[in-house]
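The values are calculated or read from the model by the stated rules, or taken from the named source; none is laboratory data. For clarity, every value in this text was computed on a predicted model and none was experimentally measured. A quick note on method: Cβ atoms are made from the backbone with ideal geometry, for glycine too, and the neighbour counts reach across all protein chains shown.
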Amino acid sequence: MRKAYLQIGLAAALLTAPTAFDAASAKDITIGVSFDKIEPFRVAEKKALTDAIEAAHAKMDFANADKDAQRQASQVDTMVSQGVSAIIAIPWDIEAANDLARSTIAAGIPFVSLDQALSDLKSVTYHIGGDPCADGKVAGEFFVKAAAGKPFKLLELQGGLANDNGIRRSRCLDDALKAAPNITIVAQVPTDWNPQKALDGTENALQAHPDLAGIYAPWNDALQGVFSVLKAKNLLLPVGDPKHITIVSIDGTPLGCKAVRDRLIDLEIATPLPEMSRRAVAAAIKASQGGKIEPQAEFLPGIPYGPDNVKAMASKIWGCQG
Amino acid sequence: MADLPTAPPRVMRRGVSLAALLKLPMLPVLLVAFLALSVSIDGFVSAANLANMARLFAPLAIAAIGLTFVFLLGEIDLSIGSVLSLASVLGALTMRGTASVWLGVMVMVATGALIGALNGAVIAWFRFSAFVYTLGVLVTARAIAMLITGGHSVGRLPFGALRFGRGTFAGLPWLLWIAIAVYAAAHLFLRQTVIGREIALVGANRRAAVFAGLRVRRARFTGFLVSGTLAGLAASCIVLRLGSGGPILGDNILLMAIAAVVLGGTSVFGGEGGAFRTVTGALVVVTLDKGLNLLGLAFYDQAIVMGLVIVLGSALGGYLYRRRTGRA
């Protein structure tokens, strides 16, 4: 038994060693940035944030939670203990992040949520994001117009249903489609933002409904899976072709812009990333200096563009530049 | 039932001396890594960061200790992540509906125990393959959690949940106390009880255990029961810390727990290992996870380092085991 106590004591001692806390210098502004995951869109968001933080002559302390709410809480707690000036986070779990935001603010550090809105917006110092509902609605209205009152079978791919963007891009599309009883949603496929699941869902839908008329891909990475299936079935045809399947996507990444330029999709709704990042950084810095942030939440609708106006719109679309 | 051997096998008996502690494959790695990170990262050994690490460590260690029981049997339980998710959803809903934190915790532990008992009964008595059966439970439990919540997390829990999850007692986070208690109980159970020793003996050689008259079914049932129960308790720790439960909350815990068990030196083939080894493995996982992050490494660099440590650590453990036991 004595040896067992020794082991228990050793295990506890490894975590309770004497400590010496070094507070970070308060002179420079360091913004702790916590991402929920890394994927192509997030890489673009990180670049936009990095540019905005550099432009503001601040420093960035970056952490990726890799789709783990517990890790994100731990990373933010560590940033707080290291004395960052403010936190900008893309929350993975929009419920868990409420308490994370409140405890961060209680420690005297502003908490700005970016892109993904928390379930309780009052928890944060400031939220800036796209407007997933407006984007879903624009997509729905486009399908209504494309269907032109005729029978229209639509495949709805859904993003992650555990986060705000996934939920509202789906719900508001469905709301917009209620005005058109001629449009039938043949399948709603939750993909958890996984292109492989988008591929599977498209394949299954086309197998069951060879007369499929439209596909809603609520994020650009889904297009990889969609195009793969369409190509295999000789249905990857340009806009204007009689057999073309109407496709609407959201994000505005280089992949989406290329698809528009190649006339493979009918409508793309680009999230205004650089502007979102600029406002997030400005709010974080202002709040860290004691300034009041108003309004507390802003939702920037996406910028719709298609094959016919992509040249004119390219300068406004971050994914079309470079 | 035939008499048990009068003393545990040589490998088990030697596992608790100080000399044997140094033979734990990951302990030297842990100490070196901890020292190196302490020197190179400002604030790594600050009270706040250590408390933070302890809260990350607790649910991982608890789930991994549960998995250790199954590994000692020479089996695997792929369902722990999904069991954790489902338990967290049911527990969080209970907390929100009743405003009782402890009722929610009991529901989480009971959910884990129930699924663990079902796993154990099916695998022990109906001789299902543990790999295939628990894979089925992994998929089903996650789907049920999704069905219940529609994919959403369950938050807005009573304030007492978060107060406990982030609170401390005698300077240490409450969650760490729970992990220490679980470790102590598991360690004593495996060392001091007949059924605990039978678990390792069954894992070392099931055929011999049958011929020796050991209660093989009971041992297998108990292993999976403990694994499920501790997955439920790990869910409680996470829910209490985050203030929410969710259907994808446990998605990452399975691989992390396997890493902790394997790094600690418990054999994937059964019969060799224990709770203390898993604690060292979990400490390595948490220390590297936190340290590499604080060093500013990109996530893919962190994943590469973690992967290398798992491969090299398990190889080192295998090598030391063969040396100690004289096996080829």
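A count restricted to segment B:212-248 and to residues that are touching a Leu at 6+ places or on another chain (Cβ under 7 Å) and under 22 Å from B:V284 (Cα atoms) stands at 7.
Within this structure, B:A184 fails the test of being surrounded by 15 or more Cβ atoms within 10 Å (Cβ to Cβ) and either touching a Cys at 6+ places or on another chain (Cβ under 9 Å) or touching a residue at least 60 places away in the same chain (Cβ under 8 Å) (or both). Selection of segment A:91-110 for residues being farther than 25 Å from B:R96 by Cα and out of contact with any helix residue (DSSP H, G or I) (no Cβ under 7 Å at 6 or more places or on another chain) yields only A:G108. Go through the residues of segment A:34-57 one by one and say whether even a single one is in contact with a Pro (Cβ under 7 Å, 6 or more places away or on another chain), aliphatic (A, V, I, L, M) and either at pLDDT below 90 or not in a strand (DSSP E or B) (or both). Yes - at least one qualifying residue is present in segment A:34-57.
Answer with yes or no whether A:G83 is of a type in the set (G, A, S) and facing another protein chain (nearest Cβ under 10 Å).
Spelling it out, A:G83 is indeed of a type in the set (G, A, S) and facing another protein chain (nearest Cβ under 10 Å).
For segment A:114-126, the criterion of being assigned to a loop (DSSP other than H, G, I, E, B) and in contact with a His (Cβ under 6 Å, 6 or more places away or on another chain) is met by at least one residue.
Annotation note: of B:A235, B:A231, the sole residue that is of a type outside the set (D, E, K, R), in contact with a Ser or Thr (Cβ under 6 Å, 6 or more places away or on another chain), assigned to a helix (DSSP H, G or I) and modelled with pLDDT of 95 or more is B:A235. Residues being over 27 Å from A:A176 (Cα atoms) and in the same structural domain as A:F41 (by TED's automatic domain parsing) are represented in segment A:296-308 by at least one member. Residues that are under 18 Å from A:A287 (Cβ atoms) and more than 12 Å from the chain's Cα centre (by Cα) were ranked within segment A:121-136; the one that is farthest from the other protein chains (Cβ to nearest Cβ) is A:Y126. Scanning segment B:147-182 for residues that are more than 9 Å from chain A (Cβ to nearest Cβ) and in a loop (DSSP other than H, G, I, E, B) yields B:P158, B:G167, B:A170. Of all residues in segment A:80-111, those satisfying the criterion of being among the β-branched types (V, I, T) and either assigned to a loop (DSSP other than H, G, I, E, B) or over 24 Å from B:A51 (Cα atoms) (or both) are A:V84, A:I90, A:I94, A:I109.
Please go through (1) in a helix (DSSP H, G or I); (2) in contact with a helix residue (DSSP H, G or I) (Cβ under 8 Å, 6 or more places away or on another chain); (3) among the charged types (D, E, K, R) for B:R323 and return the number of the only condition it doesn't satisfy. In the conditions (1) in a helix (DSSP H, G or I); (2) in contact with a helix residue (DSSP H, G or I) (Cβ under 8 Å, 6 or more places away or on another chain); (3) among the charged types (D, E, K, R), B:R323 misses (2) alone. Note on segment B:269-308: among residues that are surrounded by fewer than 19 Cβ atoms within 10 Å (Cβ to Cβ) and touching a residue at least 60 places away in the same chain (Cβ under 8 Å), the one that is nearest to the other protein chains (Cβ to nearest Cβ) is B:L295.
Residues that are touching a residue at least 24 places away in the same chain (Cβ under 8 Å) and either in a helix (DSSP H, G or I) or within 12 Å of chain A (Cβ to nearest Cβ) (or both) within segment B:192-205 comprise B:V194, B:I195, B:R197, B:E198, B:I199, B:A200, B:L201, B:V202, B:G203, B:A204, listed in sequence order.
Cβ separations smaller than 7 Å between residues 6+ apart or across chains give the following pairs from segment B:28-43 residues that are under 11 Å from B:L294 (Cα atoms) and within 9 Å of another protein chain (Cβ to nearest Cβ) to residues that are in a helix (DSSP H, G or I) and of a type outside the set (V, I, T): B:G43/A:S81; B:G43/B:N49.
Contact annotation: residue pairs with Cβ atoms under 7 Å, 6 or more positions apart or on different chains, pairing a residue in segment A:78-101 that is at positive phi with a partner that is of a type outside the set (D, E, K, R), are A:G83/A:A23; A:G83/A:A24.
Take B:A124 and decide whether it is away from chain A (no Cβ under 14 Å) and either outside any loop (DSSP other than H, G, I, E, B) or in contact with a helix residue (DSSP H, G or I) (Cβ under 6 Å, 6 or more places away or on another chain) (or both). Yes. Scanning segment B:49-108 for residues that are over 19 Å from the mean Cα position of the chain (by Cα), of a type in the set (S, T, N, Q) and within 11 Å of chain A (Cβ to nearest Cβ) yields a single hit, B:N49. Is it true that some residue in segment B:270-280 is part of a helix (DSSP H, G or I) and of a type in the set (D, E)? Within segment B:270-280 (the criterion being part of a helix (DSSP H, G or I) and of a type in the set (D, E)), the answer is no, since none of the residues qualifies.
When you check B:L240 against the structure, is it more than 17 Å from the chain's Cα centre (by Cα), farther than 19 Å from B:G74 by Cα and in a loop (DSSP other than H, G, I, E, B), yes or no? Criteria not met by B:L240. Screening segment A:222-322 for strands (runs of 3 or more DSSP E) wholly inside it with 2 or more residues that are surrounded by 23 or more Cβ atoms within 10 Å (Cβ to Cβ) returns the ranges A:246-251, A:267-270.
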